[in-house]
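Structure, as structure tokens:
The values are calculated or read from the model by the stated rules, or taken from the named source; none is laboratory data. Keep in mind it's a predicted model, so treat the numbers as computed, not measured. Here Cβ is always computed from backbone atoms with ideal geometry, including for glycine, and neighbour counts include all displayed protein chains.
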Amino acid sequence: MRLLAYEAMPGAVALVYGEELMKHRLSDQHPLQPIRVKLAVELIRSTGLIEHAHLIPPRSAALAELQLVHSAEYVDLVRKLSDPAQRGRVPPDLVDAAGFASADNPISDELHEGAALVVGATLIGAEAVESGAALHAFSPSGGLHHAHRARASGFCTYDDPAIACQWLKDRGHRVAYVDVDVHHGDGVEDIFYSDPDVLTISLHESGRYLFPGTGFPQDSGTGKGKGAAANLPFMPFAWDEPWLEGLEKVVPALLRRFKPTVLVTQDGCDTHYLDPLAHLAASTRIWPRVGKLFHELAHELCEGRWLALGGGGYAIYEVVPRAWTLFFAEMVERPDLAADLNDPSSPLPAAEVQDRVRAALRKDLRTLSEVHGLDFG
């Protein structure tokens, strides 16, 4: 384990960030722009919240760490594609099979280096929480949850949440992973789909309407991992109230039954009504509730151990900095410092749309209750 950048302090909150994370830039035109992470950290700093945390620089993940969940062949391929001298010698069929023929996952000279820095930042947070150097840690550059064992997908080259979960599991933890990004956390779920020691929960816009087209209530794991995956999809235009209802009915009950020793959360803020890549209608007003719920569950079940990651969020200037600052304010227990960042009001869809959203939620909660043997109301 590498030495952290500050002395262990009981109850400390770590924020993992450094300018080198700006290398995780897929292309100038790509929706996933690292500037959003920088803007969030700058707002955390300007509100005074940074005074209640420790800023830790990132590091690059080692090859062995990347291979905790990715195949050695895939990691080697990413490194070759990142090298202009070797790139042209990679057979096109391998490029296609590994997901890099898609415009979602462009190839660049800094592909491996940038993605490995994101993984390293997330692992710095995991190390801090696992060692006791920090009680909670936030790595806003992380949360790249679509990458699979040997395939890039959905803007994600290396799956830092899955790597962190595996790293924590290898140290004896029962890991609960909760993903509230608008897109299904398919990569993490797939990697642990048969693993009884890692619980994956994903709340997302239904795959009937949005990438990656997966994550339905009946999808609950396989083999020894049966029941260790849970999915709650939402209809388009779901707003704050039904979204929070789903979160608060499903997540605490599943976590209390699973009894994790560490909580990992992916906190993509692309559920917002201004996000250009999805169709939900939540506001920033969900984020204090999300942060508070995760905070309380971490203390109730995991002796406070909580690793929080960023994720999606493509309203780069209007939403991402405010959402993650509101969330972080709950981590450091100073919501008063960010209260004025909330949206002035929560938009509501038309009455008939509200009825469809609520009916779909009731149906999916009933299915989840049947699949998992719990009463979600």
Identify, from the list Gly142, Gly187, Gly172, the residue that is on the phi > 0 side of the Ramachandran plot and not β-branched (Val, Ile, Thr). Gly172
Given the criterion part of a helix (DSSP H, G or I), closer than 19 Å to Pro58 by Cβ and among the small types (Gly, Ala, Ser), identify the matching residue among Ala85, Ala116, Ala133. Ala116
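If you take the residues of the range 335-372 that are hydroxyl-bearing (Ser, Thr, Tyr) and not in a helix (DSSP H, G or I), which of them is nearest to the chain's Cα centre (by Cα)?
Here the residue is Ser346.
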Just need a number here: residues in the range 22-42 that are surrounded by fewer than 20 Cβ atoms within 10 Å (Cβ to Cβ) and not in a loop (DSSP other than H, G, I, E, B). 6
Going by the conditions given, is Pro252 surrounded by fewer than 17 Cβ atoms within 10 Å (Cβ to Cβ), more than 21 Å from Glu330 (Cβ to Cβ) and under 19 Å from the mean Cα position of the chain (by Cα)? no
Restricted to the range 125-142 and to residues being surrounded by fewer than 24 Cβ atoms within 10 Å (Cβ to Cβ) and touching a Lys or Arg at 6+ places or on another chain (Cβ under 8 Å), the residue nearest to Glu42 (Cα to Cα) is Leu135
Enumerate the helices (runs of 4 or more DSSP H) found wholly within the range 219-334, keeping only those where 3 or more residues are touching a Cys at 6+ places or on another chain (Cβ under 9 Å) and either free of Cβ contacts under 8 Å to residues at least 40 places away in the same chain or at negative phi (or both). 320-331
Is it the case that Ala230 is among the small types (Gly, Ala, Ser), buried (at least 19 other Cβ atoms within 10 Å of the Cβ), modelled with pLDDT of 95 or more and under 16 Å from the mean Cα position of the chain (by Cα)? yes
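In the set Asp179, Asp197, Asp219, Asp190, which member is crowded, with 24+ Cβ neighbours inside 10 Å and modelled with pLDDT of 95 or more?
Just a single option satisfies the conditions, and that option is Asp179.
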Counting only residues that are out of contact with any strand residue (DSSP E or B) (no Cβ under 6 Å at 6 or more places or on another chain) and assigned to a loop (DSSP other than H, G, I, E, B), the range 136-182 contains a total of 13
Being within 25 Å of Ala308 (Cβ to Cβ), surrounded by 16 or more Cβ atoms within 10 Å (Cβ to Cβ), of a type in the set (Ser, Thr, Tyr) and out of contact with any Gly (no Cβ under 8 Å at 6 or more places or on another chain) narrows it down to one residue among Tyr74, Tyr17; which is it? Tyr17
If you take the residues of the range 200-212 that are free of Cβ contacts under 8 Å to residues at least 60 places away in the same chain and touching a His at 6+ places or on another chain (Cβ under 8 Å), which of them is surrounded by the most Cβ atoms within 10 Å (Cβ to Cβ)? His204
Just to be sure before I move on: is Ala282 surrounded by 21 or more Cβ atoms within 10 Å (Cβ to Cβ), under 26 Å from Ile163 (Cβ atoms) and under 18 Å from the mean Cα position of the chain (by Cα) in the structure I sent? no
